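Asks: Quick one: structure below, then a few questions.
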Amino acid sequence: MFSAAAVALIVLPAGAAEVRDHPRAVVELFTSEGCSSCPAADARLVELQKQPDVIALAYHVDYWDYIGWVDGFGTKANSDRQKSYAQSWGSSRIYTPELIVNGLKGVVASKQDQVDAALSAATLAVPVSLDAENNALEITVPAHGGSGEAMLWLVTFKDHASVAIDRGENAGQTIDYAQIVMHRQMLGMWDPVAGTHLKLPLSDVMTDGANGAVVLVQTEKQGLPGPILGAASIQL
């Protein structure tokens, strides 16, 4: 949870924050440093993030750690998110590399035709506004008629890391990773009638080496993730 007071101030130079607030798609890549099929998908995520209307996130999972290389970014929480998506679709199957677009559909991330097809009709209806000034992150999600209630999630990320892999299926490779999820936390409910406005200390948001954040407006059904309705990202 966020504390009421910041532990340390983060001072932003003018124009330092890059905000992406009109995306058509949020792409969530489930990947692992120990997966031989993943480097091509990791490289594809780098390219997807360059598209101004796409927000990319890389969730490193931990269920391949046993085969010889422990992913330093992998967490059980990331694996659980992937499992929750599968359960929401009535499936028990998870795999890497999987790319999920707007919480609606998972495709094999290393197959360009599947990725292109999933992105071709992607759209996000609910606008999200982010602003970083005076050492605070300000989040505004306005009212939007016709939408049901949804949850607000804060996902922080590290925009880049280069990892030399010594063992396992990718032994001997140095792989560049982008948009690495560091932490994920529920902020509360979004009210489609009244809208929602929040203000958080930046020093409480940007922890564990994170230098960016994404706010997701995502539906839920029986505790499982549903479609993403809106999103915005900020990178410092």
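Rule-based calculations on the coordinates, nothing more; no lab input. Just so you know, these numbers come straight off a predicted model, no measurement behind them. Every residue, glycine among them, receives a Cβ derived from its backbone with ideal geometry; neighbour counts consider all protein chains shown.
Asks: Based on the Cα coordinates of segment 93-166, what is the per residue volume of their convex hull in Å³?
Replies: Per residue, the Cα convex hull of segment 93-166 comes to 183 Å³.
Asks: So, counting K/R as plus one and D/E as minus one, what does the shell of residues with Cβ under 11 Å around VAL155 add up to?
Replies: Its environment carries a net charge of +1.
Asks: What's the exposure ranking of TRP69, TRP89, going from fewest to most Cβ atoms within 10 Å?
Replies: On the way: TRP69 21, TRP89 13.
Ascending number of Cβ neighbours within 10 Å: TRP89, TRP69.
Asks: Let me ask something else. May I ask you to order 36-45, 144-153, 197-206 by the average number of other C-beta atoms within 10 Å around their residues, highest value first?
Replies: Taking the mean over residues of other Cβ atoms within 10 Å, the ranking is 36-45, 197-206, 144-153.
Asks: Starting from 0 in steps of 10 Å, tell me what percent of the Cα-Cα pairs of segment 91-214 lands in each bin.
Replies: Bins of 10 Å from zero give 10, 29, 35, 21, 5, 0 percent of pairs.
Asks: Which entries in the list LYS50/LYS76; LYS83/LYS221; LYS105/LYS199; LYS83/LYS199; LYS50/LYS83; LYS50/LYS158 go over 22 Å, if you measure between the two C-alpha atoms of each? Mind showing how you got there, number by number?
Replies: Working: LYS50/LYS76 28 Å; LYS83/LYS221 14 Å; LYS105/LYS199 32 Å; LYS83/LYS199 31 Å; LYS50/LYS83 28 Å; LYS50/LYS158 15 Å.
Long pairs (Cα-Cα over 22 Å): LYS50/LYS76; LYS105/LYS199; LYS83/LYS199; LYS50/LYS83.
Asks: Using only DSSP helix segments of four residues or longer, with each worth -39500 (n - 2.57), what per-residue ellipticity at 222 nm results for the chain after dividing by its residue count and rounding to 500?
Replies: Calculated at 222 nm, the ellipticity per residue is -4500 deg cm²/dmol.
Asks: I need the per residue convex hull volume for segment 18-235, using only the alpha carbons, in cubic angstrom as a whole number.
Replies: Working: hull volume 24.5 nm³, N = 218.
In segment 18-235, the Cα hull volume divided by residue count equals 112 Å³.
Asks: Here is a further query. If you place +1 on the Cβ of every Lys and Arg and -1 on the Cβ of every Asp and Glu, how big does the dipole about the Cα centre of the chain come out, in debye to the nearest 20?
Replies: Values: 15 positive and 26 negative charges, 90 e Å.
For the chain, the charge dipole is close to 440 debye.
Asks: Residue by residue, what Karplus-based ³J(HN,Hα) values in Hz, rounded to whole numbers, does segment 152-163 have, using 6.51, -1.76 and 1.60 with θ = phi - 60° and x for Gly and Pro?
Replies: Rounded to whole hertz, the list is 9, 10, 10, 10, 9, 9, 9, 6, 7, 8, 10, 10.
Asks: A further question follows. Given a cut-off of under 8 Å on Cα pairs at least six residues apart, what relative contact order in percent is computed for the chain?
Replies: Relative contact order here is 27 percent.
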